[in-house]
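One structure, pasted below without further comment.
The values are calculated or read from the model by the stated rules, or taken from the named source; none is laboratory data. Computed from a predicted model, the values in this text were never measured in an experiment. Please note: Cβ atoms are built from the backbone with ideal geometry, for glycine as well, and neighbour counts cover all protein chains shown.
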Amino acid sequence: MPLLSSPVTVVPAAESAVAVAHFAARLAFETDVSDVAAALATGAPDVVVVDTRGVQGWSQGHVAGAVHLPTGEIAARAAEVVPEGATVVTYCWGPGCNGAIRAALEFARLGHPVKEMLGGFEYWAREGLPVETSEGISRRVPDPLTVPVSGVSCAC
């Protein structure tokens, strides 16, 4: 009896070598909020997290430890914000916004190693990671749809 195809296999999976190249490339361009949080917690001097939103977004709350550099100011101010050789991690509002991608492109054009933080500020806050405002640093209760509420990460 022939196997029935499913919506998953109507288009066959890529050959292993192609899949390796694809997924390795994605990891070269992207990082997630858990990895960024771990880097900031260790004080990694080789990572600079950049909030690319405007003043209103930054004031509403931002990743604790991030620097504020809206996309339109990157060309003029990147040299004062990013140490030589540091990897820049950009973020904007969330997965429905491509502001972090536009900012990453600007940093790449300037010759900086750069990655986009998947999920943006939305997933940072939803995972209960430290959010900074003018009133100080706070943490929200983790959203069980984005992170295990009994642990720090998904352990992936």
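Assuming Glu80 fulfils every condition listed in (1) free of Cβ contacts under 8 Å to residues at least 12 places away in the same chain; (2) in contact with a Leu (Cβ under 6 Å, 6 or more places away or on another chain); (3) of a type outside the set (Val, Ile, Thr) apart from one, which condition is it?
Glu80 satisfies all of (1) free of Cβ contacts under 8 Å to residues at least 12 places away in the same chain; (2) in contact with a Leu (Cβ under 6 Å, 6 or more places away or on another chain); (3) of a type outside the set (Val, Ile, Thr) except (2).
Are any residues in region 1-25 of a type outside the set (Phe, Trp, Tyr) and part of a helix (DSSP H, G or I), and if so, which ones? Write out each step before concluding.
Taking region 1-25 and keeping what is of a type outside the set (Phe, Trp, Tyr), we get 1-22, 24-25.
Answer for region 1-25, where residues must be of a type outside the set (Phe, Trp, Tyr) and part of a helix (DSSP H, G or I): Ser16, Ala17, Val18, Ala19, Val20, Ala21, His22, Ala24, Ala25.
Go through (1) out of contact with any Phe, Trp or Tyr (no Cβ under 9 Å at 6 or more places or on another chain); (2) at negative phi; (3) free of Cβ contacts under 8 Å to residues at least 40 places away in the same chain one by one and return the number of the condition Gly85 breaks.
Going through the list (1) out of contact with any Phe, Trp or Tyr (no Cβ under 9 Å at 6 or more places or on another chain); (2) at negative phi; (3) free of Cβ contacts under 8 Å to residues at least 40 places away in the same chain, Gly85 breaks only (2).
How many residues are in a helix (DSSP H, G or I), under 19 Å from Arg102 (Cα atoms) and not small (Gly, Ala, Ser) if we restrict to region 26-35? Break it down stepwise before answering.
Here is the first cut: in region 26-35, the residues in a helix (DSSP H, G or I) are 26-29, 33-35.
Right, trim to under 19 Å from Arg102 (Cα atoms) and you get 26-29, 33.
Pick out the ones that are also not small (Gly, Ala, Ser) and you get 26-27, 29, 33.
Residues meeting the conditions: 4.
Checking the structure you have, find out if any residue of region 90-101 is over 30 Å from Arg140 (Cβ atoms) and modelled with pLDDT of 95 or more. Outline the logic, then answer.
We begin by selecting, within region 90-101, every residue over 30 Å from Arg140 (Cβ atoms); these are none.
No.
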